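A quick write-up on the structure given underneath.
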Amino acid sequence: MSCCSSSTPAEFAFDSPASALEMLCLQIKTVDTEQIAWDKAMGRVLAMDAIADRPSPSCDVSAMDGYALRLDDCKAGVIEVAGEIHIGQQPQDMPVGKALQIVTGAPVPTGVHVVIKREDVIEHTESIELSEQLIQSLKPGMNIRRVGENMATGTTVPCNGRVITAPIMGMLTGFGIANLTMRKQVRLGIITTGNEVVPPEESPSEWQLRDSNASSVIALCDQYRWIKFESHVHARDSIEAIKDAASELLESCDALVFTGGVSMGDHDHVPEIINAIGAQTIFHKLPQRPGKPALGAVCNGKPVFGLPGNPVSVMVTAHRLMIPALAVRAGIQGRIATPRMMRVVNPDEKSIKMWWSRLARVVSDDSVELIKSKGSGDVPSSAMSDGFVELAPGQSGEGPWPFWSWLG
């Protein structure tokens, strides 16, 4: 983290979006916990560690389909198969001088030293035939997974603060943990501003705009089950209207985001209102394009964002600043997403003295193509992109550069 350096214009308190975000996140409090059944918890944030209630595996099991034998009984020639060991059932006693057929995952009887893969033997109706070469290759414990080799009873797996994925869910239910302590979803309130903005379903006049900002923010957040879109209010450019909406949403939501009204115009009231509702402003204006007027604040541990009204600015700053802050509010430990380093296949020599997020489309596993854009109001160009590359101040060329995907 670093505040304004000698190379950063004096109008900015922080020298990068990342340093501003880091300072903001230090002030954010984590949401409370709740109990949730396992089948409702996928994609949510765990607020507990997991403790193994029994060893894994819980007994010696076969790692292959084949035949269980004692080493002393492994001799070249024909050996009688005395029966079959069934998965999920207590194994029978191991007979002397004979083999038992076994499947992957079935329990291994006491006294068994090896499991021989069925493709390594010659199978007859009630017997198998072993070669001398096979006998020479056998070692004690071959193709047997021993009890507790994965994990002993009572082992703690640190997963507090992790988003539940398929492997984590499998581990939890495998431990018999069916009722989970989870972080509550982060309830997000959205306030769009502007006298010129009408709902998407209306037909605007030439001097009006359909509201695409709220839908973009909602779509971005809907990728994450630990975020819950709670409410959206559109407020005209009136201090009273915006303040009333903000006060109401802060009561019912865990985070609040404004779009529009955050710059320096006579009707840009959001910075004043954020202060009036008791929030502490951490940053207002960052050395970035798009999204220079972005504002970040905290009110009683809740993150509050003022994002510029231009649609591309909203999408970039919501992805780059808002989502990571909401992750902290959700109790997520570590980063939710790390940008991939990607090369630009159509670089130019353009550079600016700020952090520059440029729309790009993925063209291969390690490269992207810059999208031509007319600016932060060019919504159609953003729809053609897969995300954006972030160039440091004064930098240009093919990179590689950090690429932030819209898909998180």
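Here is how the numbers come out for the structure above:
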read-out	value
Any hit, the stretch 223-232, residues being more than 21 Å from the chain's Cα centre (by Cα) and on the phi < 0 side of the Ramachandran plot	yes
Contacts under 7 angstrom Cβ, first residue in the stretch 258-282 being outside any strand (DSSP E or B), partner among the basic types (Lys, Arg), 6 or more apart	Ile273/Lys243; Ala276/Lys243; Ile277/Lys243
Residue satisfying all of: in the stretch 281-303; closer than 21 Å to Ser215 by Cα and among the aliphatic types (A, V, I, L, M); surrounded by the most Cβ atoms within 10 Å (Cβ to Cβ) among these	Ala294
Failed condition for Asn346, given (1) polar (S, T, N, Q); (2) in contact with a Phe, Trp or Tyr (Cβ under 9 Å, 6 or more places away or on another chain); (3) surrounded by fewer than 16 Cβ atoms within 10 Å (Cβ to Cβ)	(2)
Restricting the stretch 45-61 to residues that are within 28 Å of the chain's Cα centre (by Cα) and in a strand (DSSP E or B), the residue that is surrounded by the most Cβ atoms within 10 Å (Cβ to Cβ)	Val45
Residue ID - farthest from the chain's Cα centre (by Cα), chosen from residues in the stretch 252-270 that are over 17 Å from Val197 (Cβ atoms) and modelled with pLDDT under 95	Asp266
Test for Leu286: is it part of a loop (DSSP other than H, G, I, E, B) and either modelled with pLDDT of 95 or more or among the hydroxyl-bearing types (Ser, Thr, Tyr) (or both)	yes
Test: residue in the stretch 85-108 that is closer than 12 Å to Met142 by Cα, touching a strand residue (DSSP E or B) at 6+ places or on another chain (Cβ under 7 Å), surrounded by 19 or more Cβ atoms within 10 Å (Cβ to Cβ) and not hydrophobic (A, V, I, L, M, F, W, C)	no
Exclusive hit being within 30 Å of Val96 (Cβ to Cβ), part of a loop (DSSP other than H, G, I, E, B) and at pLDDT 95 or above, set Met64, Met42	Met64
The one condition in (1) more than 30 Å from Asn179 (Cα to Cα); (2) touching a residue at least 12 places away in the same chain (Cβ under 8 Å); (3) in contact with a strand residue (DSSP E or B) (Cβ under 9 Å, 6 or more places away or on another chain) that Ala52 fails to fulfil	(1)
The stretch 179-208, subset surrounded by 11 or more Cβ atoms within 10 Å (Cβ to Cβ) and small (Gly, Ala, Ser), residue modelled with the highest pLDDT	Gly189
Residues located in the stretch 295-344, provided they are within 23 Å of Arg225 (Cβ to Cβ) and assigned to a loop (DSSP other than H, G, I, E, B)	Gly301, Ala330, Gly331, Ile332, Gln333, Gly334, Arg335, Ile336, Ala337, Thr338, Pro339
Sole residue being surrounded by 17 or more Cβ atoms within 10 Å (Cβ to Cβ) and under 19 Å from Ala325 (Cα atoms), chosen from Ala246, Ala235	Ala246
Residue, farthest from Glu11 (Cα to Cα), within the stretch 349-375, restricted to residues that are surrounded by fewer than 18 Cβ atoms within 10 Å (Cβ to Cβ) and β-branched (Val, Ile, Thr)	Val363
Given (1) over 25 Å from Glu201 (Cα atoms); (2) surrounded by 19 or more Cβ atoms within 10 Å (Cβ to Cβ); (3) small (Gly, Ala, Ser), number of the condition Gly278 does not satisfy	(2)
Test: residue in the stretch 158-167 that is of a type in the set (S, T, N, Q) and over 30 Å from Asp266 (Cα atoms)	yes
Sole residue being within 19 Å of Lys98 (Cα to Cα), surrounded by fewer than 14 Cβ atoms within 10 Å (Cβ to Cβ) and either under 47 Å from the mean Cα position of the chain (by Cα) or modelled with pLDDT of 95 or more (or both), chosen from Pro167, Pro140, Pro158	Pro140
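This table checks each residue for (1) in contact (Cβ under 8 Å) with a residue 60 or more places away in the chain; (2) on the phi > 0 side of the Ramachandran plot; (3) touching a Lys or Arg at 6+ places or on another chain (Cβ under 9 Å); (4) not assigned by TED's automatic domain parsing to the domain that holds Gly174.
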residue: Phe12; (1), (2), (3), (4): yes, no, yes, yes
residue: Lys40; (1), (2), (3), (4): no, no, no, no
residue: Arg44; (1), (2), (3), (4): yes, no, yes, no
residue: Asp73; (1), (2), (3), (4): no, no, yes, yes
residue: Val96; (1), (2), (3), (4): no, no, yes, yes
residue: Ile102; (1), (2), (3), (4): no, no, no, yes
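Yes or no, residue by residue, for (1) outside the structural domain of His86 (by TED's automatic domain parsing); (2) out of contact with any helix residue (DSSP H, G or I) (no Cβ under 9 Å at 6 or more places or on another chain); (3) under 30 Å from Ile51 (Cβ atoms); (4) touching a residue at least 12 places away in the same chain (Cβ under 8 Å):
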site: Ala106; (1), (2), (3), (4): no, yes, yes, yes
site: Arg118; (1), (2), (3), (4): no, yes, no, yes
site: Glu123; (1), (2), (3), (4): no, yes, no, no
site: Glu126; (1), (2), (3), (4): no, yes, no, yes
site: Leu130; (1), (2), (3), (4): no, no, no, yes
site: Gln133; (1), (2), (3), (4): no, yes, no, no
site: Pro140; (1), (2), (3), (4): no, no, no, yes
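The values are calculated or read from the model by the stated rules, or taken from the named source; none is laboratory data. Owing to the predicted nature of the structure, the values given are computational and were not obtained by experimental measurement. Counting neighbours? That spans all protein chains shown, and the Cβs are built from the backbone with ideal geometry, glycine included.
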